[in-house]
Amino acid sequence: TREASTQLTTDTGITQSTSGSKLMPAVIFLHSTGKHMDMVRPYQEEYAKAGYFTAAIDCRYHGERCVPVPGQAPRDVYQDALVRAWREGPERPFLLDNVWDLLHVVDYLASRPEVDPARIGITGVSLGGMHAWLAAALDERIAVAAPMIGVQGFKWALDHRQFQGRVDSIPKVFAAAAEDLGKPTVDAEVVRAVWDRITPGLLDTYDAPLSLPAIAPRPLLIANGGKDPRCPVPGVEAAVAAAREVYMQFFLPPAPEPGEGADQQGLSQEPSAAQAAASDQAAGQPTGLGSEQPGRVGVAGQQQKEDTASTARHASEEQVEQGAERLLSQVPSSSDRSQQGAAAAIATATATATGTSTPWDGQAASVMTEGQEGDMITAAFEEAAAKAAAERAVYEAAVQAVNERLVLYLEPGAGHEQTAGMNRAIRAFFDLHLRHVQRPFSSVTVQRNIKAADH
């Protein structure tokens, strides 16, 4: 058949674009409080035209999952469900039940023959943003997440008395809790009690600073309004900072364990260029830099090196002090390290290069004969500088990798409703990490204990 891009829509919230037999990336869209899945249909259709397979669901007590109650608006039906969860249980209609539903949406998408199961993304706004963040933290099959005005520090808001914006979004349950607790107003104690009851474990187990790191190293964009009262920016920034620490760990080489040798760290046991120069110079031979076998000297040279080292080890205290002073005079001043500290560092490096070590004011220092000193210091300094530059390059590469995968997008001046710029940023993020790139993450089957999850 002729290959053509065709938009297909159904009444189940599925929107797809087919183009031959090529597997498509998929994105799940989630609505905000009081809305329903039809509200995100325009985004589904836009993405479908660009080659995505998209899905949306009604959250619990929203849309077609909201049983009409005469005389009540659909949003009130949802809020009444939250009050029941506070007073009776065992439902968790605010967050947890919806996250459970999303795991099954991922199951379904992964089973579709048109979908690449390694390229499933999720986004949502407000309530949907909370569901998106938690589902991504729980299910590694979600390759990219982009929650919008949903990520927040619930505990941060309590500690800083900035919870009123969230309280105002679902006021009935907080009013009921205040009444049941004999409180004249909704205070921090009431808010904490509500979260503990309708989202057990949230504050101490899966709040944003604790669960966002579980998404690493998968791409994560967090979109927020600069003036959003429900997700105060400082609380969001604290959560992102916690996640960034874990993201960095994925892209920085592991720190060596105490007592590990160079061979345990995967480093070569061959002498470094500075060590080779030091060995040759100590042996009275031209340096091995640039030779076919750098750092290797003959037996006679090795014996002479050992004799020189032995002489240095038995130098008098006066010679040690003189050597330290000469080292200090060779070191240029530095903006971030004192001359004495730099001299001690170079002395340590030089001592390592020559195989000699003598204590000097708690630091290691090396004593050398006249004529060797300048070359030895230069070689040690160059080696230390090269090592520092290499470490800096590794760190900068890690920062760049993390910056591509962990993004906090703030819309200046935006409250909870101005989301146009955020949606554009999210679309670009998905295009970068889902549509144009074959994800390196394989599909991961998440094993779940259904009885524990239901409980």
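The values are calculated or read from the model by the stated rules, or taken from the named source; none is laboratory data. Since we're looking at a predicted model, the values are computed, not measured. Quick reminder, even Gly has a Cβ in these numbers, built from the backbone with ideal geometry, and neighbours come from all protein chains shown. For the accessible areas, the whole protein counts, side chains as well, though only heavy atoms, and no ligand, DNA or RNA atoms are used. Shrake-Rupley method; radii C 1.70, N 1.55, O 1.52, S 1.80 Å.
Brief remarks follow.
- Matching entry among 186, 151, 191 (being in a helix (DSSP H, G or I) and either in contact with a helix residue (DSSP H, G or I) (Cβ under 9 Å, 6 or more places away or on another chain) or without any contact (Cβ under 8 Å) to a residue 40 or more places away in the chain (or both)): 191
- Here residue 111 meets the list (1) without any contact (Cβ under 8 Å) to a residue 40 or more places away in the chain; (2) touching a His at 6+ places or on another chain (Cβ under 7 Å) almost entirely, failing just condition (2).
- Criterion (open to solvent by 20 Å² or more (accessible area, probe 1.4 Å), without any contact (Cβ under 8 Å) to a residue 24 or more places away in the chain and among the polar types (S, T, N, Q)) met by exactly one of 423, 403: 403
- Any pair with Cβ under 8 angstrom, 6 or more apart, that starts in segment 203-230 at a residue that is without any contact (Cβ under 8 Å) to a residue 60 or more places away in the chain and ends at one that is of a type in the set (Gly, Ala, Ser) and buried (at least 23 other Cβ atoms within 10 Å of the Cβ): 207/153; 207/239; 209/153; 209/239; 209/243; 213/243
- Among the conditions (1) within 16 Å of residue 208 (Cα to Cα); (2) touching a helix residue (DSSP H, G or I) at 6+ places or on another chain (Cβ under 8 Å); (3) of a type in the set (A, V, I, L, M), the only one that residue 130 does not satisfy is (2).
Let's see how each residue does on (1) buried (at least 20 other Cβ atoms within 10 Å of the Cβ); (2) closer than 20 Å to residue 128 by Cα:
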{"site": "165", "(1), (2)": "no, yes"}
{"site": "171", "(1), (2)": "no, yes"}
{"site": "182", "(1), (2)": "no, no"}
{"site": "201", "(1), (2)": "no, yes"}
{"site": "223", "(1), (2)": "yes, yes"}
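- Restricting attention to segment 377-413, the residues being of a type in the set (Val, Ile, Thr) and at pLDDT below 85 number 2.
- Qualifying positions in segment 379-398 - free of Cβ contacts under 8 Å to residues at least 60 places away in the same chain and surrounded by 15 or more Cβ atoms within 10 Å (Cβ to Cβ): 381, 384
- For segment 41-73, a residue qualifies if it is touching a His at 6+ places or on another chain (Cβ under 8 Å) and surrounded by 24 or more Cβ atoms within 10 Å (Cβ to Cβ), and the qualifying residues are 56, 59, 62.
- Applying the condition of being in contact with a strand residue (DSSP E or B) (Cβ under 9 Å, 6 or more places away or on another chain) and aliphatic (A, V, I, L, M) to segment 140-163 and asking which residue is nearest to residue 130 (Cα to Cα) yields 151.
- Per-region count, segment 207-221, residues in a helix (DSSP H, G or I) and open to solvent by less than 40 Å² (accessible area, probe 1.4 Å): 5
- Output for segment 225-243, where each listed residue is open to solvent by 20 Å² or more (accessible area, probe 1.4 Å) and more than 15 Å from the chain's Cα centre (by Cα): 226, 227, 229, 230, 233, 234
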